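The values are calculated or read from the model by the stated rules, or taken from the named source; none is laboratory data. What you see is a predicted model; the values in this text were computed from it and never measured. Every residue, glycine among them, receives a Cβ derived from its backbone with ideal geometry; neighbour counts consider all protein chains shown.
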């Protein structure tokens, strides 16, 4: 089913960058992981001192009505099962020591009703599928975070907690909003601590609840830096920012993205950068990767899951189902307190097949002889490398 995405403008983003309405992320107690996430590698056995780790980030999970219908079919009449549509990329996700997703929408009540565009309410079974796929944490700050008010936020975070997925960007209480989300990059004493921050440019004109201004983090440079430094004080070795930003349907990062990326990556405390990686969502199309002030920035990963998309010209646009997954290998510093550095940067091209309802690892599919996808894969590569990231060592992975 074709679904129309909502409009967005650079001007709205620029105005919201000046708003001081953001707040910090949250930390929650998660049950023991199961499925691929439980069996994933953790950068080696416990060692004396810290060890390298890989972090993977994927694009928007955007369950339009057609996606929900597909999950109902896959469940065989017993609810909704979103795991089959992600099974094709599960080996890549679960193969990382830490994997971040972006949960674009909020969840409806158990049993529904569930809706797609323009006001989304997704089945909570999405959370279970994300964990089964191997995701450890999801950013939950988007322009759809308030589609069903504070109740939608509560249901979403409750479901993520129940599935064993951490989250950043929205909160149920002020206390939760004030706690940074920090995850270990694997078990044991050698595991790095990674902070996950998440902010969105706005909420489609829906005001923050007057009595709960901390419900969703709205983009503000000062707040982001403040939270990053608080996470450092709480023990984070690496700070990752999920940024819901940019102009929809635009392959190139817009001026606001470029400027905010420059300013955030230039910010440092005691000679150590405040942000170690920026991963972008919202534009619905793949955008470039770039090393800015020595820090990797993914301007836009595109949609990992979405229905057939209609662009601003009123036609179905296949770019809305193309994306990349970013995979970064961090190495520990020579001295305690110095910066963890990315020693390997990769992108994995992905495509969501709206006919079969399956996410496809394009490189793996090409190995299997699906040559008709080569053009899609090559287009994604061209966009991702469009700002010269290959000169800084970015490579296409599998």
- Item | Test set (1) without any contact (Cβ under 8 Å) to a residue 12 or more places away in the chain; (2) under 13 Å from residue 242 (Cα atoms) - residue 201 fails condition number | (1)
- Note on the structure: Selection from region 93-122 of residues within 15 Å of the chain's Cα centre (by Cα) and not in a helix (DSSP H, G or I) yields 96, 98, 99, 100, 101, 102, 103, 104, 105, 106
- Query: Are there any pairs with C-beta distances below 6 angstrom linking a residue in region 247-276 that is under 24 Å from residue 303 (Cα atoms) to a residue that is surrounded by 15 or more Cβ atoms within 10 Å (Cβ to Cβ) and modelled with pLDDT under 95, with the two at least 6 apart or on different chains, and if so which?
  - Reply: 247/10; 248/8; 249/311; 254/10; 256/10; 256/13; 256/14
- Message: So for region 123-132 (the condition being in a loop (DSSP other than H, G, I, E, B), under 21 Å from residue 326 (Cα atoms) and under 15 Å from the mean Cα position of the chain (by Cα)), does at least one residue qualify?
- Response: no
- Message: Against the condition modelled with pLDDT under 95, surrounded by fewer than 24 Cβ atoms within 10 Å (Cβ to Cβ), within 21 Å of residue 170 (Cα to Cα) and more than 19 Å from the chain's Cα centre (by Cα), how does residue 50 come out, does it pass?
- Response: no
- Note on the structure: Of the residues in region 206-230 that are under 24 Å from residue 59 (Cα atoms) and out of contact with any helix residue (DSSP H, G or I) (no Cβ under 9 Å at 6 or more places or on another chain), the one that is surrounded by the most Cβ atoms within 10 Å (Cβ to Cβ) is 227
- Members of region 165-190 that are part of a loop (DSSP other than H, G, I, E, B) and under 17 Å from residue 232 (Cβ atoms): 179, 180, 185
- Query: Which is assigned to a strand (DSSP E or B) and either at negative phi or touching a strand residue (DSSP E or B) at 6+ places or on another chain (Cβ under 8 Å) (or both), of 346, 375, 338?
  - Reply: 346
- Item | Selection from region 67-89 of residues that are surrounded by fewer than 17 Cβ atoms within 10 Å (Cβ to Cβ) and in contact with a strand residue (DSSP E or B) (Cβ under 9 Å, 6 or more places away or on another chain) | 87
- Of all residues making up region 144-164, the number that are part of a loop (DSSP other than H, G, I, E, B) and out of contact with any strand residue (DSSP E or B) (no Cβ under 6 Å at 6 or more places or on another chain): 4
- Note on the structure: Scanning region 95-115 residue by residue, the ones that are buried (at least 22 other Cβ atoms within 10 Å of the Cβ) and either within 21 Å of residue 282 (Cβ to Cβ) or modelled with pLDDT under 95 (or both) total 9
- Message: I'd like to check which strands (runs of 3 or more DSSP E) are fully inside region 266-317 and have at least 3 residues that are at pLDDT 95 or above and closer than 26 Å to residue 145 by Cα.
- Response: 277-281, 303-305
- Among all residue pairs at least 6 apart or on different chains, which show Cβ distances below 6 Å where the first residue, located in region 153-178, is over 18 Å from residue 242 (Cα atoms) and the second is part of a helix (DSSP H, G or I)? 159/127; 163/127; 163/128; 163/131; 164/131; 172/154; 172/157
- Say we look at region 382-398 and pick out the residues that are crowded, with 19+ Cβ neighbours inside 10 Å and in contact with a strand residue (DSSP E or B) (Cβ under 7 Å, 6 or more places away or on another chain); which of these is nearest to residue 74 (Cα to Cα)? 384
